[in-house]
């Protein structure tokens, strides 16, 4: 059985001008495709922002965790793999800003 979880950072247009980054809502789905589809929908509606309150969102970086669960001898074991995924249409500069912002939020 696989489960997918995502965390990340959104890039948005600030009220009054400029752009900023803020942590994204955490997501979970049974398939990677459903997770990405939901993230795109939330980016368009502005719901992917976890609280900053942007005028609009432009893009996001997501770290998608694929959790593989197996059962052996009545014990469950899990393994996780991570991939980086962008939604929206971030420029190279936007991608760098999103990565740097994610590091700053983590510290």
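Couple of notes before you dig in:
- Filtered by the rule that a residue be touching a helix residue (DSSP H, G or I) at 6+ places or on another chain (Cβ under 7 Å) and farther than 12 Å from residue 8 by Cα, region 36-65 gives a lone residue, 57.
- Total residues in region 11-35 satisfying the condition of being touching a residue at least 40 places away in the same chain (Cβ under 8 Å) and touching a helix residue (DSSP H, G or I) at 6+ places or on another chain (Cβ under 7 Å): the figure is 3.
- Only one entry of 71, 65, 38 meets the criterion of being surrounded by 13 or more Cβ atoms within 10 Å (Cβ to Cβ) and free of Cβ contacts under 8 Å to residues at least 12 places away in the same chain, and that entry is 38.
- Residue identified as at pLDDT below 95 and more than 22 Å from residue 104 (Cα to Cα) among 16, 53: 16
The values are calculated or read from the model by the stated rules, or taken from the named source; none is laboratory data. All of these numbers come straight from a predicted model, not from anything done at the bench. Counting neighbours? That spans all protein chains shown, and the Cβs are built from the backbone with ideal geometry, glycine included.
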